[in-house]
Structure formats: structure tokens, C-alpha cells
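The structure under discussion appears below in the form of C-alpha cells.
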Amino acid sequence: MAVPDFQTFMRPMLEAVKNGQEYRIRDLYQPLRLVLQLSEADLQELLPSGKQAKYANRVLWAKFHLVKAGVLLSPTRGAVKITERGQQLLKEVPDRIDMKVLNRFPEYVAFRGSKQAIVNGVNETETEPDHLKQIPPDEQLDALYAELSAALADELLAQVRALTPQQFEILVVQLLVAMGYGGSVRDAGQALGRSGDNGIDGVVKQDPLGLDQVYVQAKQWANNVGSQEVRNFSGCLTYHKASKGVLITTAGFSSSATDTARQIGNIILIGGETLADLMIQYGVGVLTRSTYQVKKIDSDFFEGI
């Protein structure tokens, strides 16, 4: 099964610490995993940013909300302990504990910045969309960033495919230089020459002194590149005495082409999607519209005061 939303972790977390002892969060990972019947693959699933496991992230967000509601407290860094309120909540609520249940506590409502009325101690209105309640804020940011990046990559690739062969050559040169190959734009431009097949090829420097060279071939094609083109490219490497090769296309590669490159061993294949991703990563053909810094508490700072 997939990793559930962070609210699903709330009740199992309270159950895991209900004996009143202090627990380190990392010691709860395995018990919670068993209760929720998650596999090793589930535990390895990453957030869209690729910087944190989704499982660990949702455990921490469940803990964060439970602490804000006063049903857990964090006596030391990275540890939790159930409160009397938490013990009472387990008795009063026999099934799922989620944000709606936690809204019975005024300080939790205040934390969420809610203007919802609390009637008889229980929140009776929910204005936040359901899909947002299931995803922690940092995951929402990661997912939105991934969605925007994917849309940008699609638009960028469409622009690249519409270039003339000469413009495509300029683009490849600028990308290679941005990635650290070829020295200057002038050097790389002189090293690459039109091949006559709606693509470019040439040899560029991998290091500033030109001690190691990379042979580059780029094809502005609409159809996938096949294994024969990869074998031909391998022959070009031998002819130019280049130890490595990069084959770039605005399309993709057939499965046999990928297998052939893997067997040859010194050829890197860059398809259209990867090409667009590299352009975004190295700032070629794109502008940064806005930059946001997302900060968090520096616990070491406060412990050192």
C-alpha cells in the first residue's frame, strides 16, 4: 500500500506511547510501520523534492499537530510523551483521530488560525479543502514545484523542437558550456560543426586544459533514435579518439538503443525530457521569476544558548 496521509498516523502514534513513557521519534518508526502494514518499498518512497522519505515526513507532521493540540508534549528534542489530554482523547474517540477531532481543543484552533466556530467543544465547520488536509505544507510545496517544473519542461522542449538547425547548434553549445564542458562559448562553438543530418557533432574539452575530450552528437529529430545510430556514434568516438560520448536528441531512444549504449559503456544518452531538465537546472533558456526561502527552527541554536 502507499504511505497514508499524515493524519492516519495520529491515532497509532498515540497508541504507541499511551503507557506514559518518553519515546524518541525514530524509535516509533518501526512500530508504526507494522501497525499500518507498510512495506520496505513504502518506507523508501521519497517526497517530490527527493530530499526526505515520505514516511518519515508524515510521522513528523503527525507529531507536530498532536503536540500543537496538547495531546503530546516534546520534553526533549526528538522525543515525545503523551499527556493526560492525550490519554483522555484515546478513551473518548474509539476510531480515527484527525485534524477535525483535534479542533475540539481551542489552542489547536488558534494555532491553525481558524475563524471557525466551536460549538459544544467540537468544530462543526470545515472550510479547508479535503485534498489540502491530507498533505503537509512542505509536501504541498514540493508537489507544486514538481508540477510547475514538469509544465515548464514540456513548454521548453516544444520551443527547442521549433528551432532551426543553426539555432539548435547554438543552444547545445550554450548548454555544454553552462555544464562546464568546452571551455568558452567561442571554443565550444568552434569545436562543433554541422553534420548535415539535421544535427551537430564535434569534440569538446571535458577539462580546461583539454586533456580529456568528449565527442558530442545532437539530433533534432521527431522520431526516436535507434540502435544503429548509437553504433555509428560509437565508431565516431574511435575515429576522433574520444574516450566518452554524449548523444543528445529532442526525441527519445528506442529500447534497443538504450541497451546498445549500456553494452558499449562510454556513451551517455540524453533524450528530450532530460535535455529540458538540464536546461532548467543550468539556467539555459529560462529565467528565475521568483525565489522563496522556506526556513525552519534551528534547534541547535536554542540548545546552545
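The values are calculated or read from the model by the stated rules, or taken from the named source; none is laboratory data. Just so we're clear, the structure is a prediction, and the values are computed from it rather than from any experiment. Using ideal geometry, Cβ is built from the backbone for each residue, glycine included, and neighbour counts are taken over all protein chains shown. Note: areas computed on protein heavy atoms with side chains; ligands, DNA, RNA excluded. Shrake-Rupley method; radii C 1.70, N 1.55, O 1.52, S 1.80 Å.
May I ask you to say which residue of ALA143, ALA150 is under 30 Å from LEU60 (Cβ atoms), in a helix (DSSP H, G or I), modelled with pLDDT of 80 or more and within 22 Å of the chain's Cα centre (by Cα)?
Result of the check over ALA143, ALA150: ALA150.
Out of the residues in region 52-62 that are of a type in the set (A, V, I, L, M, F, W, C) and touching a residue at least 40 places away in the same chain (Cβ under 8 Å), which is nearest to ALA2 (Cα to Cα)?
So, considering only residues that are of a type in the set (A, V, I, L, M, F, W, C) and touching a residue at least 40 places away in the same chain (Cβ under 8 Å), the one nearest to ALA2 (Cα to Cα) is VAL59.
List the helices (runs of 4 or more DSSP H) that sit entirely inside region 219-305 and contain at least 3 residues that are in contact (Cβ under 8 Å) with a residue 24 or more places away in the chain.
227-239, 255-264, 272-281
Please work out which residue is modelled with the highest pLDDT, limiting yourself to region 197-216 and to residues that are open to solvent by 20 Å² or more (accessible area, probe 1.4 Å) and outside any loop (DSSP other than H, G, I, E, B).
Among those that are open to solvent by 20 Å² or more (accessible area, probe 1.4 Å) and outside any loop (DSSP other than H, G, I, E, B), it is VAL203.
Go through region 183-196 and report how many residues are surrounded by 15 or more Cβ atoms within 10 Å (Cβ to Cβ), under 13 Å from ALA218 (Cβ atoms) and either in contact with a helix residue (DSSP H, G or I) (Cβ under 8 Å, 6 or more places away or on another chain) or at pLDDT 85 or above (or both).
Counting residues in region 183-196 that are surrounded by 15 or more Cβ atoms within 10 Å (Cβ to Cβ), under 13 Å from ALA218 (Cβ atoms) and either in contact with a helix residue (DSSP H, G or I) (Cβ under 8 Å, 6 or more places away or on another chain) or at pLDDT 85 or above (or both) gives 2.
Of the numbered conditions (1) open to solvent by 20 Å² or more (accessible area, probe 1.4 Å); (2) of a type outside the set (Phe, Trp, Tyr); (3) out of contact with any helix residue (DSSP H, G or I) (no Cβ under 9 Å at 6 or more places or on another chain), VAL246 satisfies every one except a single condition; which is it?
(3)
Just need a number here: residues in region 260-297 that are exposed (fewer than 10 other Cβ atoms within 10 Å of the Cβ) and more than 22 Å from ILE170 (Cβ to Cβ).
Counting residues in region 260-297 that are exposed (fewer than 10 other Cβ atoms within 10 Å of the Cβ) and more than 22 Å from ILE170 (Cβ to Cβ) gives 10.
So PHE253 fits all but one of (1) on the phi > 0 side of the Ramachandran plot; (2) at pLDDT 95 or above; what number is the exception?
So PHE253 meets the others, but not (1).
Of the conditions (1) surrounded by fewer than 11 Cβ atoms within 10 Å (Cβ to Cβ); (2) at pLDDT 85 or above; (3) in contact with a helix residue (DSSP H, G or I) (Cβ under 9 Å, 6 or more places away or on another chain), LEU156 fails just one. Which one is it?
(1)
Under 6 Å by Cβ, and 6 or more places apart or on different chains, what pairs join a residue from region 23-51 that is under 11 Å from MET13 (Cα atoms) with one that is crowded, with 16+ Cβ neighbours inside 10 Å?
Listed by first residue and then by second, the contacts come to TYR23/VAL17; TYR23/VAL80; LEU28/ALA16; PRO31/ALA16; LEU32/PRO12; VAL35/PRO12.
Sort out for me the helices (runs of 4 or more DSSP H) sitting completely within region 25-90 that have 2 or more residues that are at pLDDT 90 or above.
Helices (runs of 4 or more DSSP H) meeting the threshold: 25-36, 54-68.
Go over the candidates LEU89, LEU38 one by one and state the one that is over 25 Å from ARG104 (Cα atoms) and surrounded by 16 or more Cβ atoms within 10 Å (Cβ to Cβ).
Result: LEU38 is the single residue among LEU89, LEU38 that is over 25 Å from ARG104 (Cα atoms) and surrounded by 16 or more Cβ atoms within 10 Å (Cβ to Cβ).
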